[in-house]
Structures are given as C-alpha cells and as structure tokens.
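Novice: Before I ask anything, let me first share the structure, which is written out below as structure tokens.
The values are calculated or read from the model by the stated rules, or taken from the named source; none is laboratory data. Just so it is clear, the model here is predicted, and its values are computed rather than measured. Because the Cβ atoms are built from the backbone with ideal geometry, glycine has one as well, and the counts that use them run over all protein chains shown. The protein model used for the area step is the full one, side chains on, heavy atoms only, and it has no ligands, DNA or RNA in it. Shrake-Rupley method; radii C 1.70, N 1.55, O 1.52, S 1.80 Å.
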Amino acid sequence: DLDFDLPGRERYNNLLDLVGARTQVVEQSQGGGGGGPSEPPTCESPFTEDASAMRDYIPKLFDNFSVNSSESIPGRININPAPRVLLVGSPGLDSTAIDQIISSRQPDANGERPEQAYETWPLVSGIVDLETMKRLMPMVTAGGNVYRAQIVGYFDEEGPAYRMEAIVDATQSPPVVKRRRDLVEQGPGYTLDVLGTTVEDGP
C-alpha cells in the first residue's frame, strides 16, 4: 500500500515534467524470506509522450493543476498572434518550427482547433519535442487577461475623429485601465471600410 501522506521529495517547476516520468517504489521489508534484495518496481507516469494521448489529457492537466501559486503570472508571449520577430527570439525554435507554427495557428479562436487554447499545442502537433516545449513554457502562453484596445469616434462623412488607446488589466475584478494614450493627433488610423458606417433604413 502506498502512503500518500508522506511529503514529496521532488519539486516540479513545469507541468510537463510529469510527461514520461518514472519513479521507483521502495517497499518496506516484511522480514523473513530468502534470496537477496530485489530491484524496486518502477512506476511509469500515466501522462505518456504519445501525441494522441496528449491531445486528450493536456486540457485536463492544465485546467486542474499548476506549479505556480501566484494569482497572476507576469507578461508572456502569446504564441498564437505573436509576430515572427518575437518567435525568432524564443529558445529552441528554428526557422522550420516557426514557419510551421505560423502556418498552423489560428489567432482568432473559433473552436476548430481546441488544442490551441493551450501553449503546448506545438508539442501536441509534433512541431517541437518535449524538451524544447519545456524551455518555451516559462515564456509563452496561449491567452491572457490583459488587453489593448483602440477606440475611435468618428462621423460617416467628412468630419472630426477622436482616437485613443487603452490597456485593460482583467486579472482583477472589476478590470482596471492601466494606461490610456491620446492618439487624436494621429488621425482615425483606419479607413471607413474598416471602421464601418451606419446603414440607413429604407423608406
């Protein structure tokens, strides 16, 4: 019988440390019996390195466990919309892996690629190996709670326009505007085709 009340001796800094992990179970001697000492049995982690298995267990693992006790995590690179220049600076990503990430990702979540809700999707997709993903984990994410928005007030026809930028931190409730920047001197920044115009009702 295993004693689950004993404290662990290993410290995990990454949830992916559980993938493919093995441990030996040292049994207490029952006394008596002949023969020399036997090799302690080895227990293998149920989290295997099989890509199809990862696709099933990683959402459950990452939704229910963490190795970070902080309420929020400092800024990381969102691997889904990140431009190439940021990916180039990420450890372990060569040009081939970067090309595959950019061509495979869907920056706008639409449910077609649910695995991309987790930063481990390049591992699940076979783009990077386990060790590379472990090195990337402290620096990347697949989401976040800090948002940047540009708000534009304008007329459909010729006329003045007002534009501002806001950084909103939603890690707390209610969300807090961390920065506000006036962009009115730079004009509306977008064409009417992008901003949209009011559709007038017919007679």
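Novice: Of the heavy-atom accessible surface of segment 84-195 (probe 1.4 angstrom), what whole percent is carbon and sulfur?
Specialist: Using a 1.4 Å probe with all protein chains present, segment 84-195 comes out at 51 percent carbon and sulfur.
Novice: Hey, can you grab everything whose amide H is under 5 Å from the amide H of Val140? Only 5+ residues off in sequence or another chain; H modelled, so Pro and N-termini drop out.
Specialist: The answer is Ile77.
Novice: Next question. Give the long-range amide H neighbours of Val146: residues separated by 5 or more places, or on another chain, with amide H under 5 Å away, using H modelled in the peptide plane at 1.01 Å from N.
Specialist: Amide H neighbours of Val146, under 5 Å, 5+ apart: Ala170.
Novice: Let me ask something additional. Would you compute the Debye intensity of the chain from its alpha-carbon atoms alone, equal scatterers and no solvent, and pass along log10 I(q)/I(0) at q = 0.07, 0.09, 0.11, 0.12 Å⁻¹ to two decimals?
Specialist: Log10 of I(q)/I(0), two decimals: -0.38, -0.57, -0.76, -0.85.
Novice: Taking 2.2 N^0.38 Å as the expected size of a compact globular protein, what ratio does the Cα radius of gyration of segment 132-203 give against it, to two decimals? Mind showing how you got there, number by number?
Specialist: On the way: Rg = 18.2 Å, N = 72, 2.2 N^0.38 = 11.2 Å.
Dividing the Cα radius of gyration by 2.2 N^0.38 Å gives 1.63.
Novice: Please give the helix 95-104 orientation as an angle from the longest Cα principal axis of the chain, in degrees from 0 to 90, rounded to the nearest 10.
Specialist: Tilt of helix 95-104: around 70 degrees.
Novice: Quick check on segment 94-166: take the gyration tensor over C-alpha atoms, sort the square-rooted eigenvalues as a ≥ b ≥ c, and tell me if it's rounded (a/c under 1.5), prolate or oblate.
Specialist: Prolate is the answer for segment 94-166, as a/c is 1.5 or above and a/b outweighs b/c.
Novice: Within the chain, what's the longest stretch lacking trypsin sites (Lys or Arg not before Pro) that sit in DSSP loops with no more than 12 other Cβ atoms inside 10 Å?
Specialist: With a cap of 12 other Cβ atoms within 10 Å, the longest stretch comes to 12-203.
Novice: List the residues whose amide H sits under 5 Å from the amide H of Val128, counting only those 5 or more places along or on another chain, with H placed 1.01 Å from N in the peptide plane.
Specialist: Under 5 Å from the amide H of Val128 lie the amide H atoms of Leu123, each far enough along the sequence or on another chain.
Novice: Subtracting the Cα-Cα distance from 0.36 nm times the residue separation, let me have the gained length for Leu86 to Leu130 in nm, one decimal. Show your work: numbers first, answer last.
Specialist: Working: separation 44, 0.36 × 44 = 15.84 nm, distance 2.08 nm.
So the chain would gain 13.8 nm between Leu86 and Leu130.
Novice: For the pair Gln24/Leu183, report the inter-label distance in nm, with labels modelled 7 Å from Cα in the Cβ direction.
Specialist: Result: 6.1 nm between the two label points.
Novice: How much area per residue is accessible in the chain when the probe is 1.4 Å and only protein heavy atoms are counted (Å²)?
Specialist: It amounts to 74 Å² per residue over the chain.
Novice: While we're on this one: What do the square roots of 5 times the Cα gyration tensor eigenvalues come to for segment 36-135, in whole Å, largest first, as semi-axes of the equivalent ellipsoid?
Specialist: 29, 17, 15
Novice: Using only the alpha-carbon atoms, how far is helix 51-64 inclined from the longest principal axis of the chain? Give it as 0 to 90 degrees, nearest 10.
Specialist: Around 80 degrees separate the two axes.
Novice: Can you list the HN-Hα couplings for segment 170-185, worked out from phi with the Karplus curve (6.51, -1.76, 1.60; θ = phi - 60°), rounded to whole Hz and with x for Gly and Pro?
Specialist: Computed from phi, the couplings for segment 170-185 are 9, 6, 10, 10, x, x, 10, 7, 7, 8, 10, 10, 7, 10, 4, 6 Hz.
Novice: Spin-label point model (7 Å from Cα, Cβ direction): what's the Ala53 to Gln100 distance in nm?
Specialist: My value for the distance between the label points is 2.0 nm.
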